[in-house]
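Enquirer: One structure is given below, represented as structure tokens, and several questions about it will come after.
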Amino acid sequence: MPIKVLAFAGSPRRHGNSETLLDWVLAAMQKEDDVAIDKVVLVDANVNPCRGCNACETLNKCIQRDGMDVIHDKIIDADVIILAAPIFCMGICSQAKALIDRFQVFRSRKFVLKLPVVPPERKGKRLGVFLSTAGQSWDHVFQGAIPSVKCFFHVIDVRDRDIQYLMINGVDEKGAIMKHPTAQEDAERLAREVIADIRVRLAE
Amino acid sequence: MSVKVIGISGSPHRHGNTETLLDAFLDGADHAGGAVEKVILKDLDFTPCRGCNACHKEGECIVKDEALPLFDRILLADCVAVASPIYSMGITAELKGLIDRSQYIWARKFIIRTLYFTDDHIRRHKGLFISTAGLSWDNVFDAAFPAITAFFNTMGFEYYDNIIANDMDRWKGIRGHPTALREARNKGEEVVGVITGLYPD
């Protein structure tokens, strides 16, 4: 079985800084043996915001029929889940927030209905990666996004200690990340580490 | 003059905890003589920011939808209350979608430099954040504050206060909360009084 990597490009801007960072990670993962990559471009994925109806707390599924139907099953199958999204106005861009909020169905399953999200034998064998970019160069520019990103991973059974972060600030205009001194190298190293880590865990 | 107060409900859920708390605030503002209007974001036809940065050239947004007239109305208001429940430790995608669209105002201030709010203008314009959360955690609102702060800064409003209530699951909703609705109403009266006091005749 190949290592299944599911990656979300969460930015509304195609091939911008956060997607470039993601593409560097995915290209490095692709070079490793036996890795199957599925990249989802969120603006093309037809994911509507959560309606806050709480129906999933009883139905164990979402009442909306849209792109999440496909994404839901992919989320459960994946060994490595990557979310890439830029910071807009000191928070994660609204398109990515819509995806995060739609994970309410997993939260309901896990914490309200007390049902497994992944089978018990796969617990601890899932890794998460958050990739982000921001135009502002402030150190705290990512702080508003991180708690929501943790929710995103926790409810799909990726533990806090199994989430890796690569966040690059001070890149605004499209292509600015190409001039960053370490971003590509950091992305490639992260990719190799994550694949090595999941390979060991899956073999256990 | 009549203090103009605009309340923006960012919840996808009509008449839920957050909108009810906003209603109490607006009721207080109305009682104090404010001219009050409420906008239901989910009924507005607008799309999130595309991140195209076209506004960095002329200071205009190229996405012509109902977000732009709303920004015009916010800029004419003396007080803006933005309301959103906490979903996944942050504001809703709807409210974040609107806030992200304010990029063209930000660009007018910091890239094109055609817009400048004086300290006096900012002092006379008050912004409030209204929110509820199911969880009891004290930190449940923390990740929402930076985007709200950014929005008020961009729009030329002083961040006046928060009206926030957590632990909705325990209180069985905002109507079961011992103090929140009364405090929201008082806050509405208070802020209209404060703004009125800044305009001596």
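The values are calculated or read from the model by the stated rules, or taken from the named source; none is laboratory data. Since the model is a prediction, treat every value here as computed from it, not as a measurement. Here Cβ is always computed from backbone atoms with ideal geometry, including for glycine, and neighbour counts include all displayed protein chains.
Conditions (1) under 12 Å from the mean Cα position of the chain (by Cα); (2) β-branched (Val, Ile, Thr); (3) exposed (fewer than 13 other Cβ atoms within 10 Å of the Cβ), marked per residue:
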site	(1), (2), (3)
A:Gly128	yes, no, no
A:Gln136	no, no, no
A:Asp160	no, no, yes
A:Gly170	no, no, no
A:Asp197	no, no, no
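The rows are residues; the columns are (1) more than 7 Å from chain B (Cβ to nearest Cβ); (2) touching a Lys or Arg at 6+ places or on another chain (Cβ under 8 Å); (3) at pLDDT 95 or above.
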{"site": "A:Asp73", "(1), (2), (3)": "yes, no, yes"}
{"site": "A:Ala78", "(1), (2), (3)": "yes, yes, yes"}
{"site": "A:Leu83", "(1), (2), (3)": "yes, no, yes"}
{"site": "A:Gly91", "(1), (2), (3)": "no, yes, yes"}
{"site": "A:Gln95", "(1), (2), (3)": "no, no, yes"}
{"site": "A:Asp101", "(1), (2), (3)": "no, no, yes"}
{"site": "A:Ser108", "(1), (2), (3)": "yes, no, yes"}
{"site": "A:Lys114", "(1), (2), (3)": "yes, no, yes"}
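Enquirer: Testing B:Cys52 on (1) at pLDDT 95 or above; (2) over 15 Å from the mean Cα position of the chain (by Cα); (3) closer than 15 Å to B:Ser102 by Cβ, one condition comes back false. Which one is that?
Expert: Condition (1) is where B:Cys52 drops out.
Enquirer: Report yes if some residue within segment B:66-89 is within 21 Å of A:Lys174 (Cβ to Cβ), crowded, with 21+ Cβ neighbours inside 10 Å, among the hydrophobic types (A, V, I, L, M, F, W, C) and in contact with a helix residue (DSSP H, G or I) (Cβ under 7 Å, 6 or more places away or on another chain); otherwise report no.
Expert: Taking every residue of segment B:66-89 in turn, none turns out to be within 21 Å of A:Lys174 (Cβ to Cβ), crowded, with 21+ Cβ neighbours inside 10 Å, among the hydrophobic types (A, V, I, L, M, F, W, C) and in contact with a helix residue (DSSP H, G or I) (Cβ under 7 Å, 6 or more places away or on another chain).
Enquirer: Limited to segment B:191-201, what total is found for residues that are in contact (Cβ under 8 Å) with a residue 12 or more places away in the chain and either farther than 12 Å from B:Ser2 by Cα or assigned to a helix (DSSP H, G or I) (or both)?
Expert: Counting residues in segment B:191-201 that are in contact (Cβ under 8 Å) with a residue 12 or more places away in the chain and either farther than 12 Å from B:Ser2 by Cα or assigned to a helix (DSSP H, G or I) (or both) gives 7.
Enquirer: Further, regarding this structure: Among the residues of segment B:122-140, which ones are surrounded by 15 or more Cβ atoms within 10 Å (Cβ to Cβ), closer than 23 Å to A:Pro147 by Cα and either more than 13 Å from chain A (Cβ to nearest Cβ) or in contact with a strand residue (DSSP E or B) (Cβ under 7 Å, 6 or more places away or on another chain) (or both)?
Expert: B:Leu128, B:Phe129, B:Ile130, B:Ser131, B:Thr132
Enquirer: Right, next: Can you tell me how many residues in segment A:128-143 are closer than 21 Å to B:Ala93 by Cβ and touching a residue at least 60 places away in the same chain (Cβ under 8 Å)? Steps first, answer last, please.
Expert: Residues of segment A:128-143 that are closer than 21 Å to B:Ala93 by Cβ, as a first pass: A:128, A:130-135, A:141-143.
So of that shortlist, the ones also touching a residue at least 60 places away in the same chain (Cβ under 8 Å) come out as A:131-133.
Adding up the residues that qualify gives 3.
So that you can scan it fast, the table gives a plain yes or no per residue for (1) over 18 Å from B:Tyr87 (Cα atoms); (2) without any contact (Cβ under 8 Å) to a residue 24 or more places away in the chain:
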residue	(1), (2)
A:Gly91	no, no
A:Gln95	no, no
A:Leu99	no, no
A:Phe103	no, no
A:Arg109	no, no
A:Val112	no, no
A:Pro119	yes, yes
A:Arg126	yes, no
A:Cys151	no, no
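Enquirer: Right, here's the next one. Can you tell which of B:Arg108, B:Arg113, B:Arg123 is of a type in the set (D, E, K, R), over 22 Å from B:Asp43 (Cα atoms) and touching a residue at least 60 places away in the same chain (Cβ under 8 Å)?
Expert: Matching residue, one of B:Arg108, B:Arg113, B:Arg123: B:Arg123.
Matching residues to (1) surrounded by 21 or more Cβ atoms within 10 Å (Cβ to Cβ); (2) farther than 17 Å from A:Ala85 by Cα:
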position	(1), (2)
A:Thr133	yes, no
A:His140	no, no
A:Asp157	yes, yes
A:Ile177	yes, no
A:His180	no, yes
A:Arg189	no, yes
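Enquirer: Next up: With more than 10 Å from every other protein chain (Cβ to nearest Cβ) and over 23 Å from B:Asp23 (Cβ atoms) as the only criterion, which of B:Asp167, B:Asp119 stands out?
Expert: B:Asp119
Enquirer: Quick one: which of A:Ile92, A:Ile63, A:Ile37, A:Ile71 is closer than 30 Å to B:Thr132 by Cβ, crowded, with 17+ Cβ neighbours inside 10 Å, out of contact with any Ser or Thr (no Cβ under 9 Å at 6 or more places or on another chain) and of a type in the set (Val, Ile, Thr)?
Expert: Working: A:Ile92 fails: out of contact with any Ser or Thr (no Cβ under 9 Å at 6 or more places or on another chain); A:Ile63 fails: crowded, with 17+ Cβ neighbours inside 10 Å; A:Ile37 fails: closer than 30 Å to B:Thr132 by Cβ.
Among A:Ile92, A:Ile63, A:Ile37, A:Ile71, only A:Ile71 is closer than 30 Å to B:Thr132 by Cβ, crowded, with 17+ Cβ neighbours inside 10 Å, out of contact with any Ser or Thr (no Cβ under 9 Å at 6 or more places or on another chain) and of a type in the set (Val, Ile, Thr).
Enquirer: Are there any helices (runs of 4 or more DSSP H) wholly within segment B:1-118 with 3 or more residues that are of a type in the set (D, E, K, R) and closer than 17 Å to B:Ile163 by Cα, and if so which?
Expert: Where helices (runs of 4 or more DSSP H) fall fully within segment B:1-118 and carry at least 3 residues being of a type in the set (D, E, K, R) and closer than 17 Å to B:Ile163 by Cα, they are B:17-31.
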